[in-house]
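Heads up, the thing below is written out as structure tokens.
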């Protein structure tokens with residue numbers, strides 16, 4: 001028990017150093033605090049009838065051409081000792097298992113999008129609890145017909161190498177997408193310390209290696225390196241940069257202030273690869289140029305509140321700041337790769353996810369889009385993630401396994417199965433919060449104001 005508490009303490013401390021918050025850690029109790037706007041889908045109230053082990057209701061959605069459905073259900077975890085609670089959701093021939101956080105209690109939004117083919121008018125839907133009780137009575141249903149232009153130009157903004165793949169590989173694969181990664185990922189886990197005596201040298205190597213990954217791995221989804229670019233800014237430094245926009249900020253583990261060594265990994269010509277200092281002003285200027293050249297109709301980027309990693313939040317801040325100087329029209333799809341201490345989404349790979357539990361201040365929602373990812377694309381996504389050096393075991397760890405060793409994780413950043421992206425990322429839908437320009441601007445304004453409190 002002492003070791004478990006110590007390891008958790010070390011993990012939380014490291015996450016805090018890298019800007020990964022733990023605000024959702026205690027989200028098990030209380031209702032989800034989402035505030036759906038008047039235009040956020042079509043809303044109706046459904047009546048749940050109690051059945052053994054759960055509830056039953058009848059589908060009667062009047063929306064034509066809908067793509068995403070969310071059902072608000074009141075849940076209460078029961079002491080079962082069997083791990084995470086889950087709800088079996090079934091209609092017709094389809095049975096989905098939707099896993100929830102331990103200790104869940106209150107209103108949660110289940111994702112019914114995978115039942116789309118079975119939900120004709122009058123269809124019966126059953127919800128059966130496993131390790132969780134479902135409350136009968138009335139509940140809210142929200143149905144969205146997003147009608148997104150997925151054939152248009154898509155810009156995916158990733159804070160670090162691998163974030164684009166974790167959040168949106170299924171969305172961007174085989175489409176007219178451009179992948180722009182903000183940082184080279186030269187911080188965090190010291191994966192290759194056994195090969196380098198100098199920590200700063202190890203992180204320089206890691207940053208370049210990850211930058212190469214960021215511009216080559218998307219090719220597995222049909223996006224060639226010519227349509228990818230790593231801006232080379234420094235990992236774990238974006239919030240510091242934003243606080244003093246014109247101040248030059250060095251790498252976290254060394255004195256270097258020039259992003260160009262990492263830009264040498266780029267094959268594309270979206271931006272230049274010459275010397276450029278690591279400043280917030282330069283980052284925003286670069287994003288303005290990206291928007292002007294790509295002219296996206298869809299911009300995919302992190303949610304500044306739900307994604308608790310500070311680099312993710314400030315990637316969104318920089319993007320919205322760039323919008324002030326770009327007058328194009330676009331819809332914004334916001335994702336979260338870091339929620340509930342990196343435990344969300346719950347349950348095994350291949351299972352659909354509910355909305356992230358959110359017990360903080362009330363959070364505005366304009367829309368939600370569940371992008372379908374078929375089994376073949378989920379498999380391709382898994383191997384794209386496996387191609388990212390930072391997500392797999394280092395050569396030293398692999399050697400330890402081959403020689404009969406059992407230590408497959410480091411004490412400084414445990415790679416426990418619960419937070420593994422190989423489990424969390426390949427899912428039948430990729431979930432995005434949909435915003436228009438004014439809404440995403442207001443979201444960033446509120447985020448920055450609340451950050452001061």
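Read-outs throughout are calculated quantities, based only on the coordinates presented, and are distinct from any laboratory measurement. Note that this is a predicted model, so its numbers are computed, not measured. Cβ: placed from backbone, ideal geometry, glycine included. Neighbour counts: every protein chain shown.
List of remarks:
- Residue 376-residue 126 FRET efficiency (beta carbon distance; Förster radius 35 Å; 0.05 resolution): 0.75
- Note on residue 248 and residue 45: their simple-model spin labels are 6.3 nm apart, each label 7 Å out from Cα toward Cβ.
- Cut-off 17 Å, label 7 Å out along Cα→Cβ of residue 35, residues of the range 343-364 by amide N: 358-364
- Between 0 and 90 degrees, the angle of helix 310-323 with respect to the longest Cα principal axis of the chain falls at about 80 degrees.
- Efficiency of FRET from Cβ geometry, residue 198 and residue 438, R₀ 35 Å, rounded to 0.05: 0.15
- If the chain linking residue 364 and residue 151 were pulled fully straight, counting 0.36 nm for each residue of separation and taking away their Cα-Cα distance, it would gain 73.9 nm.
- Folded to 0 to 90 degrees: helix 375-386 orientation relative to the chain principal axis, Cα: 30
- If the segment from residue 257 to residue 269 were pulled out straight at 0.36 nm per residue, it would be longer than the present Cα-Cα gap by 2.1 nm.
- Beta bridge orientation in the chain: antiparallel %, DSSP, nearest 5: 70
- When the Cα gyration tensor is reduced to axis lengths a ≥ b ≥ c, the ratio a/c is 1.5 or higher for the range 280-321, and with a/b not above b/c it is classed as oblate.
- Legend: calculated FRET efficiency, residue 295 to residue 386, from the Cβ-Cβ distance at R0 = 51 Å, rounded to 0.05, equals 0.95.
- Relative contact order for the chain, counting Cα pairs under 8 Å that sit 6 or more residues apart, in percent: 20
- With contacts taken as Cα pairs under 8 Å and at least 6 residues apart, the range 42-144 reaches a relative contact order of 49 percent.
- The angle between the Cα long axis of helix 2-17 and the longest principal axis of the Cα atoms of the chain comes to about 70 degrees, rounded to the nearest 10.
- Ordering 238, 209, 155 by the number of other Cβ atoms within 10 Å of each residue's own Cβ, fewest first, gives 209, 155, 238.
- Relative packing of peptides 361-372, 310-321 - highest average C-beta neighbours within 10 Å first: 310-321, 361-372
- The value of relative contact order for the range 209-363, using C-alpha pairs under 8 Å at least six residues apart, is 19 percent.
- For the chain, the 222 nm mean residue ellipticity estimated from helices alone, with every DSSP H stretch of n ≥ 4 adding -39500 (n - 2.57) and the total spread over all residues, rounds to -8500 deg cm²/dmol.
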